[in-house]
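Worksheet: the structure to be examined is printed underneath.
The values are calculated or read from the model by the stated rules, or taken from the named source; none is laboratory data. The structure presented is a predicted model; accordingly, all values stated were derived computationally and were not measured. Here the Cβ is made from the backbone with ideal geometry for all residues, glycine too, and neighbour counts use every protein chain on show.
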Amino acid sequence: MSKIKILDDDLITKIAAGEVVERPASVVKELVENSIDAGASIIEIEIENGGISLIKITDNGQGIEKDDVELAFLRHTTSKIENEDDLYNIRTLGFRGEALASICAVSKVEMITKTKDDITGTKIYIEGGEIIDKIECGAPDGTTIIVKDLFFNTPARLKFLKTPSREAMVVSEVVQSLALSNENISFKYKNNHKIVFATKGDGNLLNAIIALYGRQVKDNLLKIDFEENHIKIEGYIGNNALGKNNRSYQTLFINGRLIKNKTINAAIENVYRSFSTSDKYPLYVVKLNMNPQLVDVNVHPTKAEVKFQNDQEIYRLVYKAVQNAFATAASVPNVVLGPSIENNIERNVSPQIKSEEIKFSFNSLDKQNQDINNSNTFISYKPNVNVKEDNQKYINNDENKEKFIEDVKNFEDEEIIDNRALTLFPKLVPIGQIHLTYIIAEAENEFYIIDQHAAHERILYEKYLEEYQRTSIHSQTLLTPKIIDLKASDKEFLLENIDNFAKIGFVIEDFGGNSISLRSVPVIYGNPNYIDVFNEILNEIQQTSSGFLGSVNKIIYTMACKGAIKAGDKLTLSEMNKLIDDLRRCQNPYSCPHGRPTLIRMTYVELEKKFRRIL
């Protein structure tokens, strides 16, 4: 007797429904996407009991023609694609023709629809996939769908639903995402007869974000606006003040479709962490628009995941777009002394100086600096102590420190600093050091405290990153190659990535057995222990699920950190000048690659207030 049986159509439909309709939120998503595809400018969503008892979607879209109403509820019927070629050029949110058939198979559905060309509308009632009634009726242009008693005929699936409040939360997240992806559509969302939110539909994404997350987020959002190779990336990302404990505030769209993608998420979070001082996750709404042929949306039953033709290129472009947003909007923290300095950090504060303002002459400051250099003296500031020492070249037992000092001789004048550098923060005059860790520097109406390690780390990070992106990080050949013994798996991994390691300056050869020969190493200031750096990089790559590509930034962080000037290193005024000048030329001079600030500032107005010279 044959064990293989052909399933009946009813069971096949319910199995398919289980793939498409997981919970009330799935129904809401599919129906609202149909409304969007229908060209609606107003969409109203209403649920009761978490969507289990009732889901109602009303739109003013183009409606469904009378002859197509019944067809719309059959499996694999759609107006959005016609042949196989259309699968690779999908511009609508729905396209498989499964949503309505799946929904009506496990619920009681009533639909009222009318096109602008029809005099009357059509009302159809379907229960468990069977058409119960169909009549003509009066109706406005558009479509209203009411879904009742979800999973009434599949009690096993009904038992797996969460509480109504939890299901309502998931529905809310879906509706929020759809509203964010379509800022030109007015959304109104009700839960148990109460309005949860409403958006204007004025085409302004920022207004949609404010409607959903509250007005308090406005001042902490950075705009993303980037285009390269016909791929447009836009949206907003929250700064450090909007850091979240989970990823539920992350919204990503590809050609208007809400998706999740590890490659894009990794790019965004890697940039965020380089500008953030916390371990939290960023809030963001990011949209990518590209040729549909570059992305496959037909790889997941719920269309929640996509596949890109070139993951590495997408990672690079998203990283660059988000990095530009942070670099453009970044600013220097302003120190305001009070009961708690940490709780009174302000950003972009430029108060007007009042009557008793002290004027500083830059001519005199420049002369003082020149006199200091000419007299061959060095000033190091410590608490309550002023110390003068010989201004000799200080070499911190590092051969490469000589190169750093040699660079100082070629210090470029202010006139040839590029225009972009001039807009970041003003030309500073270094005064000295505190605890051989922080550089004090003056501007006209404020002074800055610069963390010398964080600043140099940022400079080296951007230098190494530019070298890596251009060709490869500069390397130097070792007089005696270093032989390193590894585990078999580590060696296999290294040999597979031998070209990638060459790009970061490590030239490797197979030495037989479980050994490799390290022939060249990257040129890193400070001459750190290259074996330790190499092992640390290897360990970092192996611990990252995204492989070498996802580790590049952390690798460069490591190299910059190892080579940067350390706390406790004594610097001459010329070295401080060079450091500050190089920092001004950075794309993001405000934080080190790990997110710590490189400098803070205090206005002289605030200082005057503290000494009660002005009110």
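For the reader, a short list of remarks on this structure follows.
- Checking the stretch 464-475 against the condition returns a match, with at least one residue being under 18 Å from Ser517 (Cα atoms), touching a residue at least 24 places away in the same chain (Cβ under 8 Å) and surrounded by 12 or more Cβ atoms within 10 Å (Cβ to Cβ).
- Given (1) touching a Ser or Thr at 6+ places or on another chain (Cβ under 8 Å); (2) over 20 Å from Ala266 (Cβ atoms), number of the condition Ile459 does not satisfy: (1)
- First in the stretch 572-601 and of a type in the set (Gly, Ala, Ser), second anywhere and surrounded by fewer than 19 Cβ atoms within 10 Å (Cβ to Cβ) and in a loop (DSSP other than H, G, I, E, B), Cβ under 6 Å, 6 or more apart: Gly595/Thr277
- Among the residues of the stretch 451-472, the one identified as in contact with a helix residue (DSSP H, G or I) (Cβ under 7 Å, 6 or more places away or on another chain), over 15 Å from Gly563 (Cα atoms) and polar (S, T, N, Q) is Ser472.
- Just one of the listed residues (Phe493, Phe506, Phe501, Phe511) is farther than 21 Å from Ile556 by Cβ and surrounded by 15 or more Cβ atoms within 10 Å (Cβ to Cβ), namely Phe511.
- Residues of the stretch 30-51 satisfying the condition of being buried (at least 24 other Cβ atoms within 10 Å of the Cβ) and under 21 Å from Lys159 (Cα atoms): Ile47, Gly50, Gly51
- Residue match in the stretch 226-236 (condition: surrounded by fewer than 20 Cβ atoms within 10 Å (Cβ to Cβ), more than 24 Å from Arg596 (Cα to Cα), over 12 Å from the mean Cα position of the chain (by Cα) and without any contact (Cβ under 8 Å) to a residue 60 or more places away in the chain): yes
To keep it simple, each residue is scored yes or no on (1) of a type in the set (Phe, Trp, Tyr); (2) at pLDDT 85 or above.
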| position | (1), (2) |
| --- | --- |
| Asp407 | no, no |
| Asn410 | no, no |
| Phe493 | yes, no |
| Ser515 | no, yes |
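- Any chance Asn535 is part of a helix (DSSP H, G or I), polar (S, T, N, Q) and under 30 Å from Val429 (Cβ atoms): no
- For the stretch 566-583, a residue qualifies if it is acidic (Asp, Glu) and within 16 Å of Thr437 (Cβ to Cβ), and the qualifying residues are Asp569, Glu575.
- Total residues in the stretch 240-286 satisfying the condition of being out of contact with any Asp or Glu (no Cβ under 8 Å at 6 or more places or on another chain), within 20 Å of Asp219 (Cα to Cα), assigned to a loop (DSSP other than H, G, I, E, B) and at pLDDT 85 or above: the figure is 2.
- Filtered residue count, the stretch 476-530, keeping only those that are closer than 22 Å to Ala560 by Cβ, part of a helix (DSSP H, G or I) and in contact with a helix residue (DSSP H, G or I) (Cβ under 8 Å, 6 or more places away or on another chain): 3
- Annotation: of all residues in the stretch 128-169 being aliphatic (A, V, I, L, M) and in a helix (DSSP H, G or I), the one that is surrounded by the fewest Cβ atoms within 10 Å (Cβ to Cβ) is Ala156.
- Residue within the stretch 212-221 that is surrounded by fewer than 22 Cβ atoms within 10 Å (Cβ to Cβ) and part of a strand (DSSP E or B) present: no
- Residue match in the stretch 382-398 (condition: within 23 Å of Pro593 (Cα to Cα) and either assigned by TED's automatic domain parsing to the domain that holds Arg584 or modelled with pLDDT of 50 or more (or both)): no
- Look at the stretch 110-127: where a residue is free of Cβ contacts under 8 Å to residues at least 60 places away in the same chain and in the same structural domain as Thr143 (by TED's automatic domain parsing) and a partner is small (Gly, Ala, Ser) and part of a loop (DSSP other than H, G, I, E, B), sitting 6+ places away or on another chain with Cβ atoms under 6 Å, you get Ile112/Ala139; Thr113/Gly63; Lys114/Gly63; Lys114/Ala139; Thr115/Gly63; Gly121/Ala139.
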